[in-house]
Amino acid sequence: MLNHKLIDIPPQEESPLAYADGVRRGDAMTLVRAALDQGNAALAFQPIVSAQNPADIIFYEGLIRIPDERGRIIPARDFMPFVENIELGRKIDAVALELGLRHLLAHPDIRISLNMSARSIGYGPWSDTLARYLRRDLNLGTRLILEITESSAILVPELVLSFMKDMRKRGITFALDDFGAGTTSFRYLRDFNFDVVKVDGQFIRGVAQAGDNQVLVQALVAIAEHFAMHTVAESVETQADADWLCAHGVDCLQGYLFGGPKINGTDAR
Ligand code: G
Ligand code: MN
């Protein structure tokens, strides 16, 4: 893992957490704004492999990365929480989409998944970018997977449902990201009818040894199978976990065991 900090938090007398969070938020926003202005955002790609045959790469997830002032790579989890509910978050999604679709166009033999927030559906620059690429290559959608978290989808379920209906006509498939991490609503799970669910990494890490996680993963896989959704396990880090997941019917595996996110071959975890 890259050992980075957005800021050095000074010693604090009063309410260190609130203070640090406020500074981090401001700092994250400044970093993101600068990276977007300077065109410095990049996508890292991580393989998702077949559980039965890990040499078979099913698709790549594109993960947005921005450099800090010293050129170190900052992963999305360190800045997205601070910007995902404001326009900067929409801008990041639009840039990630543009970079991902460009990569997809340049590499006709691969499939790519891209993360999106449900809020971006109504953001002009995001939907215009998608429409522009789909016009340019009528088959591009068949190689595109859009990942949405459930917590994001249930904010605007009607909007997400009609968007999914439209985009499925263009061949796009949909993945429910971080399955199990939020408040899973079975009603929406059924209605959204995702093609793929990605089981959250917190249930996967160490699953071969952890009885609780084994029960939870088996339950999530049973639900997915019932609704004919493919399953991906996130954060597969050990061979023992991979073997357990494969033996319990998980279709695809993603994680450092098979390769971390890379930008042009360089590690970008
Ligand atoms: O929310 P989403 O699942 O899209 O986020 C994927 C994130 O998980 C990426 O930032 C990626 O760097 C990270 N990641 C990918 N593989 C692993 C892994 O094997 N272990 C851990 N801890 N994180 C991972
Ligand atoms: Mn994802």
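The values are calculated or read from the model by the stated rules, or taken from the named source; none is laboratory data. Since we're looking at a predicted model, the values are computed, not measured. In this analysis, Cβ positions are derived from the backbone assuming ideal geometry, glycine residues included, and neighbour counts consider all displayed protein chains. The area values use the complete protein model at the heavy-atom level, side chains included, leaving out ligands, DNA and RNA. Shrake-Rupley method; radii C 1.70, N 1.55, O 1.52, S 1.80 Å.
Counting only protein heavy atoms, what percent of the accessible surface of the chain is carbon or sulfur at a 1.4 Å probe? Kindly include the intermediate steps, with their values, before the conclusion.
Details: 6750 of 13070 Å².
Summing carbon and sulfur atoms, their accessible area is 52 percent of the total for the chain.
Not counting ligands, DNA or RNA, and with a 1.4 Å probe, what is ASP27's accessible surface area in Å² rounded to the nearest 10?
Rounded to the nearest 10, the figure is 50 Å².
Which whole-number value in Å² is the accessible area per residue of the range 19-267, probe 1.4 Å?
Solvent-accessible surface per residue comes out at 46 Å².
Using 15 Å as the cut-off for backbone N distance, which residues of the range 54-93 belong to the label zone defined by a point 7 Å from the Cα of ASN40 along Cα→Cβ?
It comes to 65-76, 79, nothing else.
If I ignore ligands, DNA and RNA and count only protein heavy atoms, how much of LEU88 is accessible to a 1.4 Å probe, in Å² to the nearest 10?
Approximately 10 Å² for this residue.
Counting each DSSP H run of 4 or more residues in the chain as -39500 (n - 2.57), what helix-only mean residue ellipticity at 222 nm follows after dividing by all residues, to the nearest 500 deg cm²/dmol?
Details: 10 runs with 111 residues, N = 269.
One gets -12500 deg cm²/dmol as the mean residue ellipticity at 222 nm.
Could you check the spin-label model distance between HIS107 and GLN202? Points 7 Å from the Cα along Cα→Cβ, value in nm.
Once both label points are built, they end up 3.0 nm from each other.
Any idea how far apart ARG269 and GLU237 come out in nm if each label point goes 7 Å out from Cα toward Cβ?
Rounded to a tenth, the inter-label distance reads 0.8 nm.
Any chance you could count the Lys pairs in the chain whose alpha carbons are under 29 Å apart, treating pairs 8 or more apart or on different chains as valid?
10
Give me the extension gain from ALA228 to ARG190: residue separation times 0.36 nm, minus the current Cα-Cα distance, reported in nm with one decimal.
Values: separation 38, 0.36 × 38 = 13.68 nm, distance 1.07 nm.
That works out to 12.6 nm of additional length.
Shape call for the chain from the C-alpha gyration tensor, a ≥ b ≥ c root eigenvalues: rounded (a/c under 1.5), prolate (a/b greater than b/c) or oblate?
Note, shape of the chain comes out rounded.
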